[in-house]
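Structure first, then comments.
The values are calculated or read from the model by the stated rules, or taken from the named source; none is laboratory data. Keep in mind that this is a model prediction, so the values were computed, not measured. Glycine gets a Cβ as well: all are built from the backbone with ideal geometry, and neighbour counts include every protein chain shown.
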């Protein structure tokens with residue numbers, strides 16, 4: 001099959017059948033792009049997830065754009081991104097055209113209650129996969145544990161702290177440790 005059509009259809013399927021936004025899609029993107037298609041490696045998926053979270057735009061669209069670009073350059077990025085966006089756009093457009101009070105319909109409201117649970121499980125699945133594939137070095141484990149407990153405390157006390165702030169703090173700590181190690185290594189070489 002033409003790779004551009006394959007990129008479009010793969011991401012259209014993910015975009016059409018995944019509720020809950022980008023985090024819920026990460027697990028499906030990884031399954032399709034690393035395990036089934038072999039378009040990217042697991043390490044690349046972890047890196048692209050971190051980059052996609054750190055850059056503007058929805059995480060799933062950023063992941064689709066990266067995978068498409070890696071496969072076929074700019075045209076591949078366009079095919080994958082369009083595949084990811086088009087189904088959701090069409091569904092939301094139809095809902096907005098046909099139903100004014102879509103979520104007030106009892107059977108739809110109950111269906112979405114079940115979907116919320118499934119979305120939580122998809123997000124948890126993506127998190128567990130990333131943790132398993134994370135390098136198990138002391139620095140990474142320490143930053144992971146601190147960020148995890150910080151998020152628990154933030155949620156428990158209902159504090160308004162951005163997850164972006166936690167990512168920036170973790171990046172700053174890791175960069176500072178790297179620079180200290182590098183400078184210590186250079187000082188040792190000079191002596």
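For residue 64, are the conditions met, namely being within 22 Å of residue 129 (Cβ to Cβ), surrounded by 19 or more Cβ atoms within 10 Å (Cβ to Cβ) and in contact with a helix residue (DSSP H, G or I) (Cβ under 9 Å, 6 or more places away or on another chain)? For residue 64, the condition - within 22 Å of residue 129 (Cβ to Cβ), surrounded by 19 or more Cβ atoms within 10 Å (Cβ to Cβ) and in contact with a helix residue (DSSP H, G or I) (Cβ under 9 Å, 6 or more places away or on another chain) - is met. Checked against the criterion of being modelled with pLDDT of 80 or more, in contact with a helix residue (DSSP H, G or I) (Cβ under 7 Å, 6 or more places away or on another chain) and surrounded by 12 or more Cβ atoms within 10 Å (Cβ to Cβ), the candidates 80, 126, 118 yield just one match: 80. In the stretch 173-183, is there at least one residue being without any contact (Cβ under 8 Å) to a residue 24 or more places away in the chain, farther than 26 Å from residue 44 by Cα, out of contact with any strand residue (DSSP E or B) (no Cβ under 8 Å at 6 or more places or on another chain) and part of a helix (DSSP H, G or I)? Yes; the residues of the stretch 173-183 include at least one that is without any contact (Cβ under 8 Å) to a residue 24 or more places away in the chain, farther than 26 Å from residue 44 by Cα, out of contact with any strand residue (DSSP E or B) (no Cβ under 8 Å at 6 or more places or on another chain) and part of a helix (DSSP H, G or I). Inspect all residues belonging to the stretch 19-38 and state whether any of them is touching a helix residue (DSSP H, G or I) at 6+ places or on another chain (Cβ under 9 Å), modelled with pLDDT under 85 and farther than 30 Å from residue 140 by Cβ. Yes - at least one qualifying residue is present in the stretch 19-38. Candidates 68, 57: the one that is under 20 Å from residue 18 (Cβ atoms), in a helix (DSSP H, G or I) and within 19 Å of the chain's Cα centre (by Cα) is 68.
Is it the case that the stretch 127-135 has a residue that's within 19 Å of the chain's Cα centre (by Cα) and more than 18 Å from residue 53 (Cα to Cα)? It would help to see each step written out before you state the result.
As a first pass, look at the stretch 127-135 and keep what is within 19 Å of the chain's Cα centre (by Cα): 127-135.
Narrowing the set further to residues that are more than 18 Å from residue 53 (Cα to Cα) leaves 132, 135.
Yes, some residue in the stretch 127-135 is within 19 Å of the chain's Cα centre (by Cα) and more than 18 Å from residue 53 (Cα to Cα).
Going by the conditions given, is residue 73 exposed (fewer than 14 other Cβ atoms within 10 Å of the Cβ), modelled with pLDDT of 90 or more, not assigned by TED's automatic domain parsing to the domain that holds residue 164 and not in a loop (DSSP other than H, G, I, E, B)? Here the answer is yes, as residue 73 does meet what is asked.
Quick test of your reading of the structure: residue 143 fulfils all but one of (1) outside the structural domain of residue 68 (by TED's automatic domain parsing); (2) free of Cβ contacts under 8 Å to residues at least 24 places away in the same chain. Name the failing condition by number. It fails just one condition, (2). Just one residue in the set 103, 86 is in contact with a helix residue (DSSP H, G or I) (Cβ under 8 Å, 6 or more places away or on another chain), assigned by TED's automatic domain parsing to the domain that holds residue 22, free of Cβ contacts under 8 Å to residues at least 12 places away in the same chain and assigned to a helix (DSSP H, G or I); that residue is 103. Is it true that some residue in the stretch 38-45 is exposed (fewer than 13 other Cβ atoms within 10 Å of the Cβ), part of a helix (DSSP H, G or I), touching a residue at least 60 places away in the same chain (Cβ under 8 Å) and outside the structural domain of residue 164 (by TED's automatic domain parsing)? Yes, there is a match, as at least one residue in the stretch 38-45 is exposed (fewer than 13 other Cβ atoms within 10 Å of the Cβ), part of a helix (DSSP H, G or I), touching a residue at least 60 places away in the same chain (Cβ under 8 Å) and outside the structural domain of residue 164 (by TED's automatic domain parsing). Given the structure, is residue 16 surrounded by 22 or more Cβ atoms within 10 Å (Cβ to Cβ) and in contact (Cβ under 8 Å) with a residue 24 or more places away in the chain? No, not satisfied.
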